[in-house]
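The values are calculated or read from the model by the stated rules, or taken from the named source; none is laboratory data. Quantities reported herein were computed from a predicted structural model and do not represent experimental measurements. Every residue, glycine among them, receives a Cβ derived from its backbone with ideal geometry; neighbour counts consider all protein chains shown.
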């Protein structure tokens, strides 16, 4: 995929779709608020299991890079031991020994991601968009993929085109290409397609780690 004049394409696309952004933001806020209210009993249950399973906090905060390179703290249910990064930042893998017993199921069925609806309500994320990365990994990826920061031209999301087409295991270059496809072609129809394709990914625990 060619990304020449990519920023110009994004700006033109954004100017032509103010209604799209209004609708998307409204849906993000409404869906996130309703989800947190409906899932409240589940959230309480998960919190209890996390506390019983291992010492440490219920929630896990980590700095990620969002829209236009602005950092924010992403919120998740804690799924790893409290000393998970005692040896420095590192990627998680499917058989990671740092993952707790409860954390295994939280990650497998994406339950650990539910608190990110609060990030959406704060305007830091969207339901659909590129997954937010840590600054240290972005700098590392840029060594081989100089355009990797172009993913930051839209709000990061809980799910997205790259997640449903490649999951967590794809290489940074392929992730960039898939995310840029979404950035250059975003629409209500494409968002609906991503949501529908995300459902089996969650139900059948595809591509988790």
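Some observations on this one:
- Residues being over 14 Å from the mean Cα position of the chain (by Cα), touching a residue at least 12 places away in the same chain (Cβ under 8 Å) and either part of a loop (DSSP other than H, G, I, E, B) or under 15 Å from residue 63 (Cα atoms) (or both) - total across region 124-161: 7
- Matching residues, region 62-87, being over 20 Å from residue 152 (Cβ atoms) and out of contact with any helix residue (DSSP H, G or I) (no Cβ under 9 Å at 6 or more places or on another chain): 82, 83, 84, 85, 86, 87
- For region 63-73, a residue qualifies if it is crowded, with 17+ Cβ neighbours inside 10 Å and not in a strand (DSSP E or B), and the qualifying residues are 66, 67.
- The residues listed here are 147, 96, 191; of these, the one that is surrounded by fewer than 18 Cβ atoms within 10 Å (Cβ to Cβ) and over 28 Å from residue 54 (Cα atoms) is 147.
- Residue match in region 105-123 (condition: more than 13 Å from the chain's Cα centre (by Cα), at pLDDT below 95 and farther than 26 Å from residue 192 by Cα): yes
- Whether a residue is at pLDDT 90 or above and surrounded by fewer than 16 Cβ atoms within 10 Å (Cβ to Cβ) was assessed, and residue 89 does not pass this test.
Conditions tested, residue by residue: (1) surrounded by fewer than 21 Cβ atoms within 10 Å (Cβ to Cβ); (2) closer than 20 Å to residue 30 by Cα; (3) out of contact with any strand residue (DSSP E or B) (no Cβ under 6 Å at 6 or more places or on another chain).
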site: 105; (1), (2), (3): yes, no, yes
site: 127; (1), (2), (3): no, yes, no
site: 130; (1), (2), (3): no, no, yes
site: 136; (1), (2), (3): yes, no, yes
site: 154; (1), (2), (3): no, yes, yes
site: 169; (1), (2), (3): yes, no, yes
site: 173; (1), (2), (3): yes, no, yes
site: 187; (1), (2), (3): yes, yes, yes
site: 201; (1), (2), (3): yes, no, yes
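- Filter pass, residue 60 being at pLDDT below 95 and assigned to a strand (DSSP E or B): yes
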